[in-house]
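The values are calculated or read from the model by the stated rules, or taken from the named source; none is laboratory data. The structure presented is a predicted model; accordingly, all values stated were derived computationally and were not measured. Quick reminder, even Gly has a Cβ in these numbers, built from the backbone with ideal geometry, and neighbours come from all protein chains shown. Surface areas here come from the heavy atoms of the whole protein model, side chains and all, with no ligands, DNA or RNA. Shrake-Rupley method; radii C 1.70, N 1.55, O 1.52, S 1.80 Å.
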Protein chains: 4
Amino acid sequence: MAAHHWILSFACDDRPGIVHAISGAIVSCGGNITESQQFASSTGRFFMRLQVQADAPRIDFERQLGPVVDHFDMQWQLDDVGRPLRTLVLGSTAKHCVSDLLFRQREGQLEIDVPLLLANHETLQPIAAFYGIPFEHRSVTDEASKRAMEARILEVVESEDIELVVLARYMQILSQDLCEALAGKAINIHHSFLPGFKGANPYRQAHDRGVKLIGATAHFVTSDLDEGPIIEQDVVRVDHSQTTRQLQQIGQDVESRTLTRAVRWFAQHRVLADGDRTVIFR
Amino acid sequence: MAAHHWILSFACDDRPGIVHAISGAIVSCGGNITESQQFASSTGRFFMRLQVQADAPRIDFERQLGPVVDHFDMQWQLDDVGRPLRTLVLGSTAKHCVSDLLFRQREGQLEIDVPLLLANHETLQPIAAFYGIPFEHRSVTDEASKRAMEARILEVVESEDIELVVLARYMQILSQDLCEALAGKAINIHHSFLPGFKGANPYRQAHDRGVKLIGATAHFVTSDLDEGPIIEQDVVRVDHSQTTRQLQQIGQDVESRTLTRAVRWFAQHRVLADGDRTVIFR
Amino acid sequence: MAAHHWILSFACDDRPGIVHAISGAIVSCGGNITESQQFASSTGRFFMRLQVQADAPRIDFERQLGPVVDHFDMQWQLDDVGRPLRTLVLGSTAKHCVSDLLFRQREGQLEIDVPLLLANHETLQPIAAFYGIPFEHRSVTDEASKRAMEARILEVVESEDIELVVLARYMQILSQDLCEALAGKAINIHHSFLPGFKGANPYRQAHDRGVKLIGATAHFVTSDLDEGPIIEQDVVRVDHSQTTRQLQQIGQDVESRTLTRAVRWFAQHRVLADGDRTVIFR
Amino acid sequence: MAAHHWILSFACDDRPGIVHAISGAIVSCGGNITESQQFASSTGRFFMRLQVQADAPRIDFERQLGPVVDHFDMQWQLDDVGRPLRTLVLGSTAKHCVSDLLFRQREGQLEIDVPLLLANHETLQPIAAFYGIPFEHRSVTDEASKRAMEARILEVVESEDIELVVLARYMQILSQDLCEALAGKAINIHHSFLPGFKGANPYRQAHDRGVKLIGATAHFVTSDLDEGPIIEQDVVRVDHSQTTRQLQQIGQDVESRTLTRAVRWFAQHRVLADGDRTVIFR
């Protein structure tokens, strides 16, 4: 058993010799590749994720990587396999996504630490208490309280070394500034239908059109509401006999699962941004 | 083994006593219910589909049903289990849906008879020949030729006792008049995405947004293009590594399967219209 | 909104007139059928499950049903929609199935009441405490302690009006006597593979054979170990890259889901025994 | 667009530097990696599959690979992307698998060439004729005719440069000698159930036990009947209402799909043998 087990992920412009150079650095410090995935995007970027076991200390590995990442101008990240990601959860009144995240985290199925559940309603307080997660509530009712909430979010991100912000049915539109501040590290979930429905009460519309599939999309938050790079999607089959209320429950279930999966992959550094797209190394 | 095996399907306003009355008619002619499904819609309509085995001749069964269907003002249909439906297939240049329909029909997996494959291009002629299906080609290039094609469609529906018209990637917008003439017996297929994409080349858009699911919707044709009551939907999981061309192939595969399934259920009288929705007794 | 909403389920020998008679009883007390499923088995038995809304009191409905259930010699059950089933959970050391059951129950996704979690190890005590479920531990190490445990199980079934016993990875072989005493109301879960593997460490065997699917089966307990009537099965796709340990985790996940689903359907009276088979009205 | 597009797949003992050496050879002849997958097995073997685009001629690439494959003692294969595999199909009376293979091949969905369909019954002759595939029939009724058939199989493998033999419900047990002669290049399909059923009429047994899943397994042929390394498995959900006959049809459908998928992956050099297991680079 090697002393260390790392995840190395990186992106750079695609040109010959990348794999050769990286594998050379790994060989040089006696590393063993236990998992490896790569992708050359039509955007011209090259993406790779490796898991490497080695006895050498991290400093040695970084020394070998140095010239390679410089030469190829890589955006890169080196982490320990299994280290829980510092995660801020934002909630509102809906409890399904928050419950599932906290349940999975407690069961050891989700590699996150949650130093705070921050919500604009008090509804989720008992769930947070149940799972032993600190809870904070701030009303958001006007521009001033919204600004205060957003300031608080940024403060927590800073003070708690937050690496991921999860909007677990947070239901508030983030300001342009906050979107930019959280770019690439905030994940949102919303329902999705075939066809899509605009306007209020989409589940009622889905019912009235008799859709046969109910879905959800987990995506990065950008200033373009509900339109950031997609991380994960899922659907569930429904039929004519289900009421609007039942469709909603089914939708919540698929929302929970989809969000949890997106968070899990992000925590394992399997999600890499590629312009408007994502590369997911499952 | 009983002499007859029927499918009875009907819709009527929902009020007490329907099942009791129908089952009474079946008992009266010694019938045995082999399959039964029912649904009371929030639209106020009641739907039912039964399969009934009986030794009594059809005329006896209809005589027993008469007062019941009158009393409840039922829209109803009585057919023999397994009778192939007279089906007109409309095609253009894409061959995936047509191939799958004709393959399944030839393999005995689809209870349809296809007296004609009518297309606005010659591309599909060899496939029709391969499966021994009469083929007819008519160019549609302007208003006049479009009117001529639509007249020909109606003529075939009439002369060939067509019960179902399948738009197997026909790619022509039907006139309002034709939509109305074929109401409730024409099925169309189109691709579906989460989120939906407007405009040209949706697969390229889907690729560029990095969608994780590619889908298709089979629906009844109405004058509102691509928006008739949904019969069946399906999706397939894709990932970042697939090119636009591969997404298109995957999309064609899910289109074929979804359309074939919708046609199969329609041919078995499992599809009942309920306003903008469908009731599907699978 | 009607005053009552019942579930009526029954089984009897199949002969003409059953549906007519039952629907007559429902009509007689002004009942409205909101859900209805039926099945005529090749074993000669007829099964039906109805949901009925009515303003009439239960006593009236039972009075109308009386002659019908007598005439057709029905095994029947009448319950209120949504009433939680009195459920005894038996556990050992594995926590995945117990966690999922208690989580779903707490979230309102599973209509059961759990007056006791009874286990042959202390491992599950904290989970029970976490979900506020009474916990009792009894070592089972020899014939005498096994008999004592089984006596305790029967005592709890009696004293707590238990309607369902769930073996949530209980890992003890029940005696013939206990199996008979719990016939039709005890559900077990075990892993399932294609092909099946005999002997110790089936996940290692599955890994070494390179199976592509990992599954689980929930079934009624009978004296024939792991062979009672099947209620639900599910599988999950795996590949060559997963270790034995990972297969085990995936297997535990599919076990939890499969068992929870079986319990949900049983609690909703959707599971009817048909000799060595089950009829599941989903 | 590069002049060449190759698939390189190999297996060797796992030790440091493999990826580095291979990527060096690719760099040396200006190749571009378009797809890459690797796996280090717990058996101690390392597997890799790459797709490489290059302008250099094949001889140059092989010259660069030479020292690497020698040094690591690799079992390797270099092929052109998309080249159809020379495939002998063996059939008997069941037509579902043969139909699906020939349909997909004709539709351009399966990269195989089928110079012969060889069967021990005449049943499949019309299907072969329909798809324009040479057909040959030889009765197998005793030891002598079985030996003659097997000799003919080996003769065709030789004379037609056969790279893959597909047992499409061939229903004959191959002799130990033939199994050895075809080791690693013959694929068989059979039904699979949870739990497994021994003996005659497994679909009837599956029906009588009320299984909820019907499956199929595609595997390499070895002398241990139905037990070679598994390539692909799939299942389909069934319920109590399906008859034995319907289960059989569903089973045939899943058999066809599973076999076709296994053949597709093999034809694309995505299937690598790893002792009793397979590595599948999908």
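Observations
- Count of residues meeting criterion [open to solvent by less than 50 Å² (accessible area, probe 1.4 Å) and away from chain A (no Cβ under 14 Å)] in region C:117-126: 4
- Residue C:174 being assigned by TED's automatic domain parsing to the domain that holds residue C:240, open to solvent by less than 70 Å² (accessible area, probe 1.4 Å) and in contact with a strand residue (DSSP E or B) (Cβ under 7 Å, 6 or more places away or on another chain): no
- Residues in region C:36-53 that are in contact (Cβ under 8 Å) with a residue 40 or more places away in the chain, open to solvent by 30 Å² or more (accessible area, probe 1.4 Å) and within 11 Å of chain B (Cβ to nearest Cβ): C:37, C:53.
- Odd one out for residue C:231, checked against (1) touching a residue at least 60 places away in the same chain (Cβ under 8 Å); (2) facing chain D (nearest Cβ under 10 Å); (3) among the aliphatic types (A, V, I, L, M): (1)
Yes or no, residue by residue, for (1) within 12 Å of chain A (Cβ to nearest Cβ); (2) open to solvent by less than 30 Å² (accessible area, probe 1.4 Å):
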residue	(1), (2)
D:15	yes, no
D:27	yes, no
D:34	yes, no
D:63	no, no
D:75	no, no
D:85	no, yes
D:93	no, no
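- Screening residue D:161 on (1) in contact with a strand residue (DSSP E or B) (Cβ under 6 Å, 6 or more places away or on another chain); (2) without any contact (Cβ under 8 Å) to a residue 40 or more places away in the chain; (3) loosely packed, with under 15 Cβ neighbours inside 10 Å shows it passes everything except condition (2).
- Some residue of region A:211-227 being open to solvent by 70 Å² or more (accessible area, probe 1.4 Å), over 26 Å from residue A:279 (Cβ atoms), within 14 Å of chain B (Cβ to nearest Cβ) and modelled with pLDDT under 95: no
- Residue check for residue A:232: buried (at least 24 other Cβ atoms within 10 Å of the Cβ), acidic (Asp, Glu), at pLDDT 95 or above and in a helix (DSSP H, G or I): no
- Any hit, region D:220-229, residues being touching a helix residue (DSSP H, G or I) at 6+ places or on another chain (Cβ under 7 Å), outside any loop (DSSP other than H, G, I, E, B) and of a type in the set (A, V, I, L, M): no
- Cross-chain or 6+ apart pairs with Cβ under 7 Å, region B:1-26 first and on the phi > 0 side of the Ramachandran plot, then open to solvent by 50 Å² or more (accessible area, probe 1.4 Å): B:17/C:27
- Meets criteria (more than 20 Å from residue D:253 (Cα to Cα), away from every other protein chain (no Cβ under 14 Å) and open to solvent by 20 Å² or more (accessible area, probe 1.4 Å)) for residue D:129: no
- Residues that are open to solvent by 50 Å² or more (accessible area, probe 1.4 Å), touching a strand residue (DSSP E or B) at 6+ places or on another chain (Cβ under 8 Å) and more than 17 Å from residue D:184 (Cα to Cα) within region D:243-268 comprise D:253, D:257, listed in sequence order.
- Neighbours by Cβ (under 8 Å, 6+ apart or cross-chain): first from region A:262-282, within 17 Å of residue A:105 (Cβ to Cβ); second among the charged types (D, E, K, R) and open to solvent by 20 Å² or more (accessible area, probe 1.4 Å): A:264/A:104; A:264/A:111; A:265/A:282; A:267/A:111; A:268/A:111
One line per residue, one yes/no per condition, for (1) assigned by TED's automatic domain parsing to the domain that holds residue A:89; (2) in a loop (DSSP other than H, G, I, E, B); (3) more than 19 Å from residue B:194 (Cα to Cα):
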position: A:240; (1), (2), (3): yes, yes, yes
position: A:251; (1), (2), (3): yes, no, no
position: A:254; (1), (2), (3): yes, no, no
position: A:263; (1), (2), (3): yes, no, yes
position: A:269; (1), (2), (3): yes, yes, yes
position: A:272; (1), (2), (3): yes, no, yes
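- Considering (1) more than 24 Å from residue A:274 (Cα to Cα); (2) open to solvent by 10 Å² or more (accessible area, probe 1.4 Å); (3) part of a strand (DSSP E or B); (4) of a type outside the set (Val, Ile, Thr), the lone condition that residue A:56 does not fulfil carries the number (3).
- Residue D:2 closer than 23 Å to residue D:84 by Cα and at pLDDT below 95: yes
- Single unsatisfied condition, residue B:204 versus (1) at the interface with chain A (Cβ under 8 Å from one of its Cβ atoms); (2) open to solvent by 10 Å² or more (accessible area, probe 1.4 Å); (3) touching a Ser or Thr at 6+ places or on another chain (Cβ under 6 Å); (4) more than 24 Å from residue B:87 (Cβ to Cβ): (1)
- In region B:183-201, the residues that are open to solvent by less than 20 Å² (accessible area, probe 1.4 Å), more than 30 Å from residue B:161 (Cα to Cα) and more than 10 Å from chain A (Cβ to nearest Cβ): none
- Just one of the listed residues (C:264, C:282) is closer than 27 Å to residue A:241 by Cβ and under 11 Å from the mean Cα position of the chain (by Cα), and it is C:264.
- Meets criteria (closer than 11 Å to residue D:90 by Cβ, in the same structural domain as residue D:221 (by TED's automatic domain parsing) and modelled with pLDDT of 95 or more) for residue D:112: no
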